[in-house]
Each structure stands twice: as C-alpha cells, then as structure tokens.
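First comes the structure, then the notes that go with it.
The values are calculated or read from the model by the stated rules, or taken from the named source; none is laboratory data. Keep in mind the model is a prediction, meaning the values are calculated, not measured. Ideal geometry is used to build each Cβ from the backbone, glycine not excepted, and the neighbour counts take in all protein chains shown. When the accessible area is computed, the model is the full protein with side chains, heavy atoms only, and any ligands, DNA or RNA have been set aside. Shrake-Rupley method; radii C 1.70, N 1.55, O 1.52, S 1.80 Å.
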Amino acid sequence: MTHKWNYQPITPEQAEASQQLAQELGISPILGKLLVERGITTAADARKFFRPQLPDLYDPFLMKDMDIAVERLNKAMGKKERILVYGDYDVDGTTAVALVYKFIQQFYSNIDYYIPDRYNEGYGVSVKGVDYACETGVKLIIVLDCGIKAVEEITYAKEKGIDFIICDHHVPDDVLPPAVAILNAKREDNTYPYEHLSGCGVGFKFMQAFALNNGIEFHHLIPLLDLCAVSIASDIVPIMGENRILAYHGLKQLNSNPIVGLKAIIDVCGLTDKDITVSDIVFKIGPRINASGRIQNGKEAVDLLTEKDFSLALEKAGQINQYNETRKDLDKTMTEEANKIVADLDGLADRRSIVLYNEDWHKGVIGIVASRLTEIYYRPAVVLTRTDDMATGSARSVSGFDVYKAIEYCRDLLENFGGHTYAAGLSMKVPAFIERFEEFVSQNILPEQTCAVIDINAEIDFRDITPKFFSDLKKFNPFGPDNAKPIFCTHNVYDYGTSKVVGRDQEHIKLELVDNKSNNVMNGIAFGQSSHVRFIKTKRSFDICYSIEENTHKRGEVQLQIEDIKPN
C-alpha cells in the first residue's frame, strides 16, 4: 500500500499563536501547533482542554423539549405508570438503554427495557415493540439512539394511548414523529449549543435534567459516565466539546470503578489492570457489546450492562465473547467473498463507489464488511443482503465524505434510511440505486478522498521526543474524531543494527532507529510492513511517519507506532 503523506502547514498567524501558547503553557511549540490546529488559541482554553471539568457541561435545559420531557417523566412516576426504555441494538443504543434504565431504577421500580430484534423487527421503533408495550401496560416509552424517523410507529403508539420521549442524534426528516418530546440537537429548530452527542450522551443529558429538576445531586450520575465513554468511542462521534468532557471522565470511571457489566467485559478482554484507552473500547470492548445484537439479540448486552452480580455478569460476558468469535469468523468469510466480487467488477477503476448485494450474507455483519471495503478501496461502500422481499444494508464512508447525503439523494428509490456522515442504514426494492448512488458520489467526492492519505501534523527529530514532551502529549487524550492522535514524521533515520521481523507470520518489524541529529535510539513497531526490512538492513536512510505511544511492556518507555516507511 502506497500512502500519500499530507503535510499540514500552518499560516504565519497560527505559527505566532502556537509559539505564544507554548510559551504561556511551558510546552513544546510543536504541541502549541497541535492546539492551534484544534481551534484552541488561549491558555485558558488549553487548560480546559487538558483538564476537562464536569461543571463545564452545558445546562441540559438548553435542549429543546427538555422541560417537557422531564415533566412527562415526573408525571409518569407520580401516577405510577409503567415506563419502557427502548433502544437500538448497537453499542450506542444498548449503553443508552442501560444508562437511563439504571438511573431511573434507583428511584422507581415500574420500569422495563426493550431492544428490537435485528432480524425480526429491524432497526428502530417497531410495531412489534409498540404491541409489546401495549400488552404489558406501558404508558410512556423513552426511546434512545433511534426514533427520529418513526412517524408511523409513534402515531400507532399514540392511538394506543402510549406517549413517546425521543432521545436521538440522527439526522431528522422534515416531518417529526408525534412524540411528547424530541431531544435531538440536529433538529432544524435546535437550541442546544452542541450537536455531536452520541445517543447515550442524549440519554445522559435527559437524566442530568431529571436529576436537576428533582434535587438529585450530580454525583449520583458519575457512576454511569463509563457507559457514555463506551458509546462515544464506539459510535465514532467527535471527541471535542461536551463529548470530550464526558469521554474524559467516563474513561476515568472505566479505569477506577466500572459498572459490574463493563468490569466483566474488561475481564474477558484481558484488559484487567491495564490503563484502558479509547482504542481499547473501539477494538475490544465495543465489538463484544455489538456482537450480541449482530449474532443473537441486543437485549443480552443490556442484561449484562445492568447486571449487579459479578459472577453472573462474567457468565454473560463469556457468552457475548463467544458471539464475538462467531462474528469474527463471519466477518473474515464475508470480506473475502466481497473482495472476490469487487475484483470481478467491470470498470471498477472508473467508479467512485462500491455497492454489493448477496442475499446469503449475514445481516448482522454487513456494516463491518462495508467498513472493510472503504479501508481497502478508499471508496464509500454499501453492502446489502436480503430481508424478506427487500434488500437491506449498511453504508460506510471515507474520511471527509458525507455518505448520508449520498443516500438521501436516492431517497425516492428507498423504503427506509437513516444515519449520519460516516455510517447509515437503508432498505430498498429498486436496483436503480447503484447508478444513482454512484452519480452522487462521483460528482461530489474529491480526488484526495479516494486514496490512502496520512495527515502529518508535524516534522520532528528524535531529540524533540523528551520525557516532558511525551508527558504533555498524553494530556491530549482521549483521542478520536476532531482530536485525532497526532502523526509525526522524521526524515533520514537509520537502523541501529538490531531491527528484526516479528509476529506469527513474520509480518511486522520491531525497529531500533537513530537519526542524524541526536544520539537517541528510538524503539518502534511497524505492523504489517515487513516488506521494508530488506531496505532497512542496507543501512541506507529512510523517512518514517508515526504516532508516539507508551510501550505496553515497559511502562513509562516511549515506542513509535510506525504508520508508514518511505525509503530514500
């Protein structure tokens, strides 16, 4: 894979601001530049960025309909009505349901939760779910991470005397469902200062407002912040602004005193006694929670996340771990099949999108396969399978391209769709979608969005990587969208003489490197790049780009995670 290295120069004004900021904060000018790139130009803002504070969370009542939502929840509890907490079957939905259910349950017992079955009901609010609510005497449904497009289903519920409070973060249509209250900062008439909350984040704000209104002190909400962190990391929402505060304190909670269900998942992931990061959530914790809804039923994930007995939680986590192994096998098989189809496509080089259909593919894994295709081919991808008499599927995007808009462009061909910039779901009966989707993508995608690009934040020498530099860099955590892990590059580095290939299939390189400007010997790991080892061993110089990590085997020691190697 040949990557294009995209250097990100800054303006003279930004350079001056970063120098001044670095001086005021006592940090390297390189890190001052990183702050300025993130829109942080004053020492006060930088201190807030480095030490996010819970009191800086916005007043939840700034969100449109929040007062109505709290009033309706209070009324339900006052009249002892049965409440149903309803959510999507993915990580964001199941963590949101667990958070709201666990918080309300401390003060009220006539409450239940419901996760629709991916295979029998599909995404979002279902008629079957409304019927279940009706049969069990529910008068109020709080729906999380979905519901914003469920006009027909919520109208049906209203006819049956059931009220809805929607807590969603997906893009609404022009017509909103007839819910009592709609909490969604992406509404046209939004009044909330931050629009990038996860579904679980919206649920948290609802509970924050409920607590404020009922004189419940904020510290009662803190034990649930670990669920927020898991949802923010897994749903790939920006980790800046309010999300940064929630993720920062949620990670603290996850590392110090996680809820029983998450502690059990941490145990089965082999993360006990490790400092858990956003990456651990994205690659280990999140996929296991997701696997429940992909392979079996998302309700099992909520059962685990609301479990109070650790030994029972460990059993449930073990089961979910098994689902994840099944998911990995399916993922591997389906990705191989998808790659074969793509290899046989006519005119692939001229197309800017990929749309694949196979009626035998497992519905629970097609989103992952779509993600794999975008990583391999650098094109927006839609992967579809058959559900009854329709093609249903998932879309994923490349960096900077809004796949939701591309799908919206095809809305007259679709039965249903929903999502956001980088991920969406859709269902259709019409094959004309492929050409319409390609039309929008080819007209709107930029050439640089269709190739492998590594954004380089700064060119540095090994002498810049001091213990203080690394200590200050760690304050940029947690990393994620809008606060990506910085990538540095160093030119003209050499093998110290001890670099070697490692890994089960000898696919990685363990490096010991020097540059010609310092005596520092830097350790590095280059995953999947063993093809470069012959050149490295010639003692000729090469350029590297990398992130700076803590060596997991030697605490406190720095290791470079090499993203790409360019021989000179």
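Computed about its Cα centre, the charge dipole of the chain is approximately 1340 debye, with only Lys, Arg, Asp and Glu carrying charge at their Cβ.
Protein heavy-atom accessible surface, 1.4 Å probe, per residue over the chain: 44 Å². Applied to region 44-55, the Karplus parametrisation 6.51 cos²θ - 1.76 cosθ + 1.60 on θ = phi - 60° returns per-residue 3J(HN,Hα) values of 5, 5, 5, 5, 5, 5, 6, 10, x, 10, 4, x Hz, with x for Gly and Pro. Distant-in-sequence amide contacts of Y192, defined by a placed amide H-H separation under 5 Å and a gap of 5 or more residues or a different chain, comprise K64. For V151, the solvent-accessible surface with a 1.4 Å probe is about 40 Å², rounded to the nearest 10. Rounded to the nearest 20 debye, the dipole size of region 70-168 about its Cα centre is 480 debye, using +1 on the Cβ of Lys and Arg and -1 on the Cβ of Asp and Glu. With a ≥ b ≥ c the root eigenvalues of the C-alpha gyration tensor of region 116-227, is it rounded (a/c under 1.5), prolate (a/b larger than b/c) or oblate? Prolate, because a/c is 1.5 or more and a/b exceeds b/c.
Its relative contact order, with pairs defined as Cα atoms under 8 Å and 6+ residues apart, puts region 458-561 at 28 percent. Take every Cα pair under 8 Å whose residues are at least 6 apart in sequence, average their separation, divide by the length of region 92-173, and the relative contact order is 28 percent.
Based on the reciprocal of the average 1/r between different C-alpha atoms, the Kirkwood radius for region 174-260 equals 13.9 Å. Can you give me the % of accessible surface on region 270-329 that is carbon or sulfur? Probe 1.4 Å, all protein chains present, nothing else counted. For region 270-329, the apolar C and S fraction of the accessible surface comes to 48 percent.
I148 sits with roughly 10 Å² accessible to a 1.4 Å probe, with DNA, RNA and ligands left out of the calculation.
Within the straight-line cut-off of under 27 Å between alpha carbons, the lysines reachable from K316 are K102, K128, K252, K263, K274, K284, K299, K308, K328, K332, K363, sequence neighbours fewer than 8 places apart in one chain being disregarded. What base-10 log of the normalised intensity I(q)/I(0) is obtained for the chain from the Debye formula, alpha carbons as equal point scatterers, at q = 0.06, 0.07, 0.08 Å⁻¹? Evaluating at q = 0.06, 0.07, 0.08 Å⁻¹ gives log10 I(q)/I(0) of -0.32, -0.44, -0.58. Spin-label model, Q8/D505: points 7 Å from Cα along the beta carbon direction are separated by 3.2 nm.
Starting from 0.36 nm per residue, how many nanometres of slack lie between Q561 and T387 once their C-alpha separation is accounted for?
58.4 nm
In region 453-568, the portion of solvent-accessible area held by carbon and sulfur atoms comes to 47 percent [1.4 Å probe, whole percent, DNA, RNA and ligands not counted]. Computed on the Cα atoms alone, the convex hull of region 1-160 gives a volume of 208 cubic angstrom per residue.
Relative contact order for the chain: 12 percent, from Cα pairs under 8 Å spaced at least 6 residues apart, divided by residue count.
For K468, the lysines whose Cα falls under 17 Å of its own Cα, not counting residues fewer than eight places away in the same chain, are K33. Of the solvent-accessible surface of region 32-182, computed with a 1.4 Å probe over protein heavy atoms with every protein chain present, carbon and sulfur atoms account for 49 percent. Taking only the C-alpha atoms of region 108-158, Rg followed by Dmax gives 10.8, 32 Å.
Taking all protein chains together, F462, F417, F218 sort by accessible area into F218, F417, F462, largest first [probe 1.4 Å]. Pairwise inverse Cα distances across region 74-163, averaged and inverted, put the Kirkwood hydrodynamic radius at 13.1 Å. Positive-end ranking of I104, A301, V521 along the dipole of the chain, with charges on Cβ about the Cα centre, is headed by V521. Magnitude of the charge dipole for region 321-406, about its Cα centre and with charges confined to Cβ atoms of Lys, Arg (+1) and Asp, Glu (-1), is about 340 debye. Placing unit charges on the Cβ atoms of the charged side chains and taking the dipole of the chain about its Cα centre, the candidate lying farthest along the positive direction among Q319, T450, S499 is S499. Subtracting the Cα-Cα distance of Y108 and E459 from 0.36 nm times their residue separation leaves 120.7 nm of extension gain.
At each listed q (0.18, 0.24, 0.25, 0.28 Å⁻¹), what is the log10 of I(q)/I(0) that the Debye formula gives for region 306-379 modelled as equal alpha-carbon point scatterers? Debye intensities relative to I(0), on a log10 scale: -0.75, -1.08, -1.13, -1.30.
Using a probe of 1.4 Å, the accessible surface attributed to V268 totals some 50 Å² when neighbouring protein chains are kept in position. The residue list N477, G393, F535 was ranked by how far each Cα lies along the charge dipole of the chain toward its positive end, using unit charges on Cβ atoms, and F535 comes out on top.
3J(HN,Hα) couplings calculated from phi for region 229-244 with the Karplus curve 6.51 cos²θ - 1.76 cosθ + 1.60 (θ = phi - 60°) are, in sequence order, 4, 5, 5, 4, 5, 6, 8, 6, 9, x, 9, 9, x, 5, 4, 5 Hz; Gly and Pro show x. Rounded to the nearest 10 degrees, the inclination of helix 433-444 to the longest alpha-carbon principal axis of the chain is 50 degrees. Using θ = phi - 60° in the Karplus curve 6.51 cos²θ - 1.76 cosθ + 1.60, the 3J(HN,Hα) couplings for region 385-396 round to 9, 8, 10, 6, 9, 10, 8, 10, x, 10, 10, 10 Hz; x is entered for Gly and Pro. The slack in the chain from T466 to T333, taken as 0.36 nm per residue of separation less the alpha-carbon distance, amounts to 43.4 nm. Work through the residues other than D455 whose Cβ is under 12 Å from its Cβ and net out their charges, Lys, Arg +1 and Asp, Glu -1. Here the charged neighbours net out to -2. Amide H contacts of V355: V382, each under 5 Å away and 5 or more positions distant or on a separate chain (H built 1.01 Å from N in the peptide plane; Pro and chain starts excluded). Each principal axis of region 214-372 carries a Cα extent, and these read 63, 37, 33 Å when sorted largest first.
Expressed as a fraction of 2.2 N^0.38 Å, the C-alpha radius of gyration for region 462-506 is 1.61. Using just its DSSP H runs of length 4 or more, each adding -39500 (n - 2.57), the chain gives a mean residue ellipticity at 222 nm of -12000 deg cm²/dmol after division by all residues. Beyond 20 Å, the tail of the calculated P(r) for region 464-568 holds 38 percent of the Cα pairs. Measuring from a point 7 Å past the Cα of N568 along Cα-to-C-beta, which residues in region 430-464 have an amide N at less than 19 Å? Once the point is set 7 Å along Cα→Cβ of N568, 458-464 turn out to lie under 19 Å by backbone N, inside region 430-464. In this structure, the amide hydrogen of N416, modeled 1.01 Å from its nitrogen in the peptide plane, lies closer than 5 angstrom to those of S427, counting only residues at least 5 positions away or on a different chain.
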